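These notes are about the structure you will find just below.
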Amino acid sequence: MENLLLESADKLLRYKGMLWIDGEPNRLLFQGVQRLYSADWDRPWGDETPHSTMVFIGIQLPEDEIRAAFAGLKK
């Protein structure tokens, strides 16, 4: 995520998501605008299957690079 912010911050209008961090019982909420972002622990996953979802709103973002970077994080 840090590389994406460094390389594309001027093109990122908004981003947000819910992240599954292995070994953590709670969801991590992540959101930001350009270079400003926050990450906050949310409620426990409970009966939900843990997963990660991110949404990016921007101008001419390198979609293939973003998808490849996140795919590389999967187990």
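Can you tell me the FRET efficiency between R43 and F70 if r is taken as the Cβ-Cβ distance and R0 is 25 Å, rounded to the nearest 0.05?
0.60
With a 10 Å cut-off between alpha carbons and a GNM built on the chain, which of R14, R27, R43 moves the most?
Checking each option, the largest mean-square fluctuation is seen for R43.
Just to be sure I understand, if you calculate Cα Rg over 2.2 N^0.38 Å for this structure, which of [x] 1.14; [y] 1.37; [z] 0.98 do you get?
Checking each listed value against the structure points to [x].
Tell me, what is the FRET efficiency for R35 and I59 to the nearest 0.05, using R0 = 22 angstrom and their Cβ-Cβ distance as r?
0.90
Compute the relative contact order of the chain as a whole-number percentage, counting only Cα pairs closer than 8 Å that sit 6 or more residues apart in sequence.
32
Putting +1 on Lys and Arg Cβ atoms and -1 on Asp and Glu Cβ atoms, find which of P25, I59, W45 reaches farthest to the positive end of the dipole of the chain.
Sorting the options by dipole projection puts first I59.
Every number here is computed from the coordinates shown, using simple stated rules; none is lab data. Just so it is clear, the model here is predicted, and its values are computed rather than measured. FYI the Cβ positions are ideal-geometry reconstructions off the backbone, even for glycines, and counts take in every protein chain you see.
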